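Q: What follows is a single structure, and I will ask about it in a moment.
The values are calculated or read from the model by the stated rules, or taken from the named source; none is laboratory data. All values derive from a computational prediction rather than experimental measurement. Neighbour counts run over all protein chains shown; Cβ positions are idealised from the backbone, glycine included.
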2 protein chains.
Amino acid sequence: MSKLDEIGIKIVSEPQETGQSGNAVAILYELAEMLDELIEKGESGAIDLQGIPLTPGDYELLREVLAEGEVHATIDAIGPTEVRETMFPGVWWITHYNVEGDIMADVIEVGFVPEILQSHPDDVSESSERLKAYLQEAAAINN
Amino acid sequence: MSKLDEIGIKIVSEPQETGQSGNAVAILYELAEMLDELIEKGESGAIDLQGIPLTPGDYELLREVLAEGEVHATIDAIGPTEVRETMFPGVWWITHYNVEGDIMADVIEVGFVPEILQSHPDDVSESSERLKAYLQEAAAINN
């Protein structure tokens, strides 16, 4: 899943005056490549931001450049997850929080739609069974 | 897209005391079939609720039975669209509003993920071009 090994990561020794380490720009180059892989091969991928040394200045640059697109979603599972489409369709910023609101994972995913928004086939099968069971029960009550 | 013709629609003459016409139950049966089609053939589909005579009691039954799942999304295009996963993964309730907040369309979609949440391939191609253009510009400025 993670593309870390392909990003030329710079060790944050002396961020330029912008407070940036250069790693944000490296990530943006990687995202451009990942978009091409998605278009050409239909392959999605993700970058785990917590696996890369990023300064506040790096984060700021990423937020400024990627900005926000039309889609914003929340998933309430064990702690909320926030999914934001960026200003670049196909590039999604996904942040997982624990119940205390601490960031547990911060990922930029490239794909037509993030995996976390997709229903799992097993869950869909279970939906069908549950809905049929409800309808049988309702029919029995009404007869 | 719409499955209207396959639902045995009852003309709302005399809703039972529950205020229901029976059309909500017909929709639930149709959704169960659509879930099976999704599992067996990978085919998604949708029911346009505004194309079916539904009483307030019908709507109430649908909301009560389908309830809400983990995913909630908004899309800010020309007027907001609200996407709610129901308590049955694979069944999504999608409501389109105009800028005044009036309901323009109310659809229940069966699929692994609603089409409206998916980035269109053309938009993804455009994303790649825009991101590369930004990076070239940024590189030119920094050199």
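Q: Quick test for you: out of A:L61, A:L66, A:L54, A:L31, pick the one residue that is over 14 Å from the mean Cα position of the chain (by Cα) and either within 11 Å of chain B (Cβ to nearest Cβ) or closer than 20 Å to A:Q118 by Cα (or both). Even if it seems obvious, please write down each step before you answer.
A: Numbers: A:L66 fails: over 14 Å from the mean Cα position of the chain (by Cα); A:L54 fails: either within 11 Å of chain B (Cβ to nearest Cβ) or closer than 20 Å to A:Q118 by Cα (or both); A:L31 fails: over 14 Å from the mean Cα position of the chain (by Cα).
Answer to the selection: A:L61.
Q: Quick check on the range B:34-51: of everything there that is more than 14 Å from chain A (Cβ to nearest Cβ) and small (G, A, S), which residue is farthest from the chain's Cα centre (by Cα)?
A: Residues of the range B:34-51 more than 14 Å from chain A (Cβ to nearest Cβ): B:46, B:48-51.
Add one more test, that the residue is small (G, A, S), and what stays is B:46, B:51.
Details: B:A46: 7, B:G51: 14 Å.
That would be B:G51.
Q: Could you list, in sequence order, the residues of the range A:102-113 that are more than 7 Å from every other protein chain (Cβ to nearest Cβ) and not aliphatic (A, V, I, L, M)? Walk me through how you get there before you give the answer.
A: Filtering the range A:102-113 down to residues more than 7 Å from every other protein chain (Cβ to nearest Cβ) leaves A:102-111.
Within the range A:102-113, A:D102, A:D106, A:E109, A:G111 qualify.
Q: Still on this structure: Checking A:I116 against (1) within 13 Å of another protein chain (Cβ to nearest Cβ); (2) under 11 Å from the mean Cα position of the chain (by Cα); (3) not in a helix (DSSP H, G or I), which test does it fail?
A: A:I116 satisfies every listed condition except (3).
Q: So which residues in the range A:78-116 are charged (D, E, K, R) and over 18 Å from A:L62 (Cβ atoms)?
A: Here is the first cut: in the range A:78-116, the residues charged (D, E, K, R) are A:82, A:84-85, A:100, A:102, A:106, A:109, A:115.
Within the range A:78-116, A:E100, A:D102, A:E115 qualify.
Q: Specify which of the listed residues (A:L62, A:L54) is farther than 20 Å from B:T74 by Cα and part of a helix (DSSP H, G or I).
A: Numbers: A:L54 fails: part of a helix (DSSP H, G or I).
A:L62 is the lone residue from the list that is farther than 20 Å from B:T74 by Cα and part of a helix (DSSP H, G or I).
Q: Looking at A:E40, A:E64, which is the one that is modelled with pLDDT of 95 or more, within 15 Å of B:V124 (Cα to Cα), surrounded by fewer than 20 Cβ atoms within 10 Å (Cβ to Cβ) and not hydroxyl-bearing (S, T, Y)? Step through it out loud before you land on a result.
A: Values: A:E64 fails: within 15 Å of B:V124 (Cα to Cα).
Criteria check complete, one pass: A:E40.
Q: Take the residues of the range B:71-102 that are of a type in the set (A, V, I, L, M) and over 22 Å from A:L131 (Cα atoms): which is surrounded by the most Cβ atoms within 10 Å (Cβ to Cβ)? Break it down into steps so the answer makes sense when it comes.
A: Start the filter on the range B:71-102 by keeping residues that are of a type in the set (A, V, I, L, M), which leaves B:71, B:73, B:75, B:77-78, B:83, B:87, B:91, B:94, B:99.
After this cut, where a residue has to be over 22 Å from A:L131 (Cα atoms) as well, the list is B:73, B:75, B:77-78, B:99.
Numbers: B:A73: 23, B:I75: 20, B:A77: 10, B:I78: 9, B:V99: 8.
Selected residue: B:A73.
Quick grid of which residues meet (1) of a type in the set (S, T, N, Q); (2) modelled with pLDDT of 95 or more; (3) part of a helix (DSSP H, G or I); (4) surrounded by 16 or more Cβ atoms within 10 Å (Cβ to Cβ):
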| residue | (1), (2), (3), (4) |
| --- | --- |
| A:I11 | no, no, no, no |
| A:E14 | no, no, no, no |
| A:T18 | yes, no, no, no |
| A:E30 | no, yes, yes, yes |
| A:M34 | no, yes, yes, yes |
| A:G69 | no, yes, no, yes |
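Q: Let me ask you something else. Does any residue of the range A:120-140 turn out to be of a type in the set (A, V, I, L, M, F, W, C), in a strand (DSSP E or B) and surrounded by 15 or more Cβ atoms within 10 Å (Cβ to Cβ)? Talk me through it step by step, then tell me what you get.
A: Just the residues of the range A:120-140 that are of a type in the set (A, V, I, L, M, F, W, C), to begin with: A:124, A:131, A:133, A:135, A:138-140.
Filter again for in a strand (DSSP E or B), leaving none.
Checked against the condition, which is being of a type in the set (A, V, I, L, M, F, W, C), in a strand (DSSP E or B) and surrounded by 15 or more Cβ atoms within 10 Å (Cβ to Cβ), the range A:120-140 yields no hits at all.
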